[in-house]
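What follows is one structure encoded as structure tokens, with my remarks underneath.
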Amino acid sequence: MAYRIASIGDGHWFSRLYPSLQKKQGIELYKISGLSRYEKKKEFLSSLGIDESRYYSVTPNAPLPDDFFEGADVVYVSDPNEFHAAHIIDALSHGKKVAVEKAIATNAEDYQHVIEYIKSNNLEGKFYLHLHYAYKILTLNLSLLLEKYTTKYGKVISSRSVFFENENEEDSRRAAWLFGLGNGGIFLDWIHPFEIYLKGALADKISLDSCTSYAVNQGYHESLPTGLHEVVSMGGRFFSEGFKADVYIAKGVKSALAHKFVDFIFNNGYTLRLDYVNSDVEFTSMYKGVWTLYDDKMMVLESGNPVGKNTAEIFADKLYDLCQGNRMDFSLEDANFIFSPYWAYLEKFSDSPIVKDNKEITHFLEYPLATYLEPMHAKA
């Protein structure tokens, strides 16, 4: 008999996961809750095998009816981020295992409330937070690469992360909601590099030194940040004393500027670069990105493009493991590492003005890409 999933939400992240659930043996979609009436989504829900008796039309932020949880083995929380904290506690209080994507909460108070509830009720084994960049194939291979290259070239002395996304109609349509702090805004995109530093580079300490926000795409919104530059200090086995990372995040940039990469600079001046691909590419092809080792003149020394499961397929595996009672490899301490810079921002920098000057915005976008060169010929 397959484990049964009850999904809170049937939107963006659900649509990414569902094809992998279909392929995963031993687990099945059982119930769904959503904001629309069943009749409005009947064709879509029928394609999922969900009839009206297993669909629950709900009001935002309202408790789900008790019978939504009946018969389910795990509850998957994938509705808007601002509702996650309440739904996590609701599901756990009904005795269910819970998996959530991207955000436990969008403010420190709700986040801490969830963490304390889990710990005080000894529910760590019933909760799993899935963060996609922690499980991308490049990230999963990173620690082995750093082990190899720090032995040869010395510890990592600095890093630069650039996550610039194309302008697109969906983000433009949802901008007022998407970039509002109630939903986490762009700050729930800046966690992606931290996932890589934690799970790939094995960082074990992190603190936010500074953060500047930019109105990169004022067509999205004039008064909400659509770009960030933060400096973070980190510690870890591969990092030198005083290691810092510059993290650049932007949404709504022109296609020529749209890149997602992380550089690790070693003591001898060599650079290991991880070039990530968009999820659409990852989910529809075998290509999962490429890593490249450059010397101090940015000549290519080595490169590789590892293959494997996409992050939705890995998430389906994790859901099965959670149902099985297996130990999960993402802890509450890991979550604290990922989200603590955001809580620090809200405490220290949230009142800082948003940069709107075009020259400063252009510099913000172009500066971190200045060393992003087309791969040169490898040395003989």
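At-a-glance table
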{"quantity": "Cross-link reach list, aspartates and glutamates versus Lys41, counting only Cα pairs under 17 Å and skipping chain neighbours closer than eight places", "calculated": "Asp10, Asp51, Glu52, Asp79"}
{"quantity": "Fully extended contour minus Cα-Cα distance, from Val231 to Asp357, at 0.36 nm per residue", "calculated": "43.3 nm"}
{"quantity": "For the stretch 1-80 and the stretch 262-304, distance of Cα centres in Å", "calculated": "37"}
{"quantity": "Isotropically averaged projected area of the stretch 9-73, using the convex hull of Cα atoms (one quarter of hull area), nm²", "calculated": "4.7"}
{"quantity": "At R0 = 22 Å, FRET efficiency that the Cβ-Cβ distance of Gln22 and Met1 yields, to 0.05", "calculated": "0.80"}
{"quantity": "Two-decimal Rg to Rh for the stretch 175-223 - Kirkwood Rh, Cα set", "calculated": "1.07"}
{"quantity": "GNM top mover of His130, His221, His87 - the chain, alpha-carbon springs below 10 Å", "calculated": "His221"}
{"quantity": "Those trypsin sites (Lys or Arg not before Pro) in the stretch 240-325 that DSSP places in a loop and that have at most 12 other beta carbons within 10 Å", "calculated": "Lys254, Lys297"}
{"quantity": "Kirkwood-based Rg to Rh ratio, the stretch 292-380, C-alpha trace", "calculated": "1.13"}
{"quantity": "Where labels lie 7 Å past Cα in the beta-carbon direction, separation of Ser120 and Glu333 in nm", "calculated": "2.3"}
{"quantity": "Net lengthening on full extension, Asn326/Glu222 (0.36 nm per residue, minus Cα-Cα)", "calculated": "32.8 nm"}
{"quantity": "Within straight-line cross-link reach of Lys288, aspartates and glutamates at Cα separation under 15 Å, skipping those fewer than 8 residues along the same chain", "calculated": "Asp275, Asp280, Glu313"}
{"quantity": "Sequence-separation-based contact order of the chain, relative, with Cα cut under 8 Å and 6+ spacing, percent", "calculated": "17"}
{"quantity": "Accessible heavy-atom area order of Met286, Met328, highest first, probe of 1.4 Å", "calculated": "Met286, Met328"}
{"quantity": "Accessible area of the chain belonging to carbon and sulfur atoms, whole % at 1.4 Å probe", "calculated": "49"}
{"quantity": "Selection of GluC sites (Glu not before Pro), the stretch 14-79, meeting DSSP coil and at most 14 other Cβ within 10 Å", "calculated": "Glu70"}
{"quantity": "Radius ratio Rg over Rh of the stretch 1-160, counting only Cα atoms, Kirkwood formula for Rh", "calculated": "1.07"}
{"quantity": "Gain on full stretching of the segment that runs from Asp317 to Ser15 - 0.36 nm per residue minus C-alpha separation", "calculated": "107.1 nm"}
{"quantity": "DSSP bridge orientation in the chain - percent antiparallel, rounded to nearest 5", "calculated": "55"}
{"quantity": "Overall Cα dimensions of the stretch 115-236, principal axis frame, Å, largest first", "calculated": "47, 44, 28"}
{"quantity": "Cleavage-rule hits (trypsin sites (Lys or Arg not before Pro)) in the stretch 1-86: DSSP loop, at most 13 neighbouring Cβ within 10 angstrom", "calculated": "Arg37"}
{"quantity": "Links that overshoot a 19 Å alpha carbon limit, given the list Lys96/Lys126; Lys24/Lys309; Lys31/Lys102; Lys102/Lys126; Lys205/Lys318", "calculated": "Lys31/Lys102; Lys205/Lys318"}
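The values are calculated or read from the model by the stated rules, or taken from the named source; none is laboratory data. Note that the structure is a prediction, hence the values are computed from the model and not measured. Positions of Cβ are backbone-derived with ideal geometry, glycine not excepted, and every protein chain shown enters the neighbour counts. These area figures cover heavy atoms from the full protein model, side chains too; ligands, DNA and RNA do not enter into them. Shrake-Rupley method; radii C 1.70, N 1.55, O 1.52, S 1.80 Å.
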